[in-house]
1. Take Lys121, Lys55 and sort them by solvent-accessible surface of the protein heavy atoms, 1.4 Å probe, largest at the top.
2. Can you give the local net charge around Asn77? Use residues other than it whose beta-carbon is closer than 11 angstrom to its beta-carbon, Lys and Arg +1, Asp and Glu -1.
3. Let me know the charge dipole size of the stretch 25-128 about its Cα centre in debye, to the nearest 20, where only the beta-carbon of Lys, Arg (+1) and Asp, Glu (-1) is charged.
4. How compact is the stretch 70-130 by the rule of thumb for globular proteins, expressed as Cα Rg over 2.2 N^0.38 Å?
5. For the peptides 27-35, 86-94, 99-107, what is the packing order when you average, over each peptide's residues, the other Cβ atoms within 10 Å and list the highest mean first?
6. Using a 1.4 Å probe and counting only protein heavy atoms, arrange Met112, Met117 so the residue with the most accessible area comes first.
Amino acid sequence: KLLTYLEEIKEDESNGYYDHETNAVNNAGSIARILVGKSNGGDKFWENTAISLQKALILFVCRESHLPYSKHLGSVNRILANLCDIDSKTGKTALDYITDRFLESDAIRLAMSEMRMASDKTKASILSSAAVASEVFGDSNVADQSSRCDFDSSVLASEKSAIFLISPGNDDAG
């Protein structure tokens with residue numbers, strides 16, 4: 001799985017922190033940087049906030065998903081698609097629900113801090129930047145295929161790597 005090596009995050013009930021948190025945060029950041037890529041000069045704000053948001057949601061999925069094959073970037077993409085939807089009963093967004101679950105010092109909450117403080121217009125732009133980076137994982141076939149792999153996925157965070165997705169051609173193209 002692309003996120004397999006982040007599965008080692010287990011809550012330590014004695015102190016409320018997570019084992020291997022530093023490695024998990026670094027690895028999630030590496031995946032997010034790969035997804036978002038580098039902007040061509042200009043203001044790095046959008047790039048950096050998209051990376052922070054992706055990193056936070058990768059960590060969230062790895063910590064909170066309890067289904068065997070739900071720890072993949074398709075889950076991150078689904079959360080991104082609904083992050084600012086407002087609950088009509090409470091007036092809260094999914095972003096509020098996610099961040100309210102964690103201590104102020106938690107890596108997920110810290111990575112989402114810029115997003116939480118942004119105006120609605122800025123939030124929409126940050127979401128757009130982050131969503132573009134993971135839109136390929138919105139396809140259920142790609143999400144399913146990325147939920148497992150036959151190589152050591154920790155290599156993605158430690159070595160220069162390339163991932164090739166091979167998909168069948170479009171049968172409708174004639």
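The values are calculated or read from the model by the stated rules, or taken from the named source; none is laboratory data. Since this is a predicted model, take the numbers as computed values, not measurements. For neighbour counting, all protein chains shown are included, and Cβ atoms are generated from backbone atoms with ideal geometry for every residue, glycine included. Note: areas computed on protein heavy atoms with side chains; ligands, DNA, RNA excluded. Shrake-Rupley method; radii C 1.70, N 1.55, O 1.52, S 1.80 Å.
1. Lys121, Lys55
2. In short, -1.
3. 220
4. Against the compact-globule rule of thumb, the ratio is 1.12.
5. My ranking of the peptides, most packed first, is 27-35, 99-107, 86-94.
6. Final ranking, largest accessible area leading: Met117, Met112.
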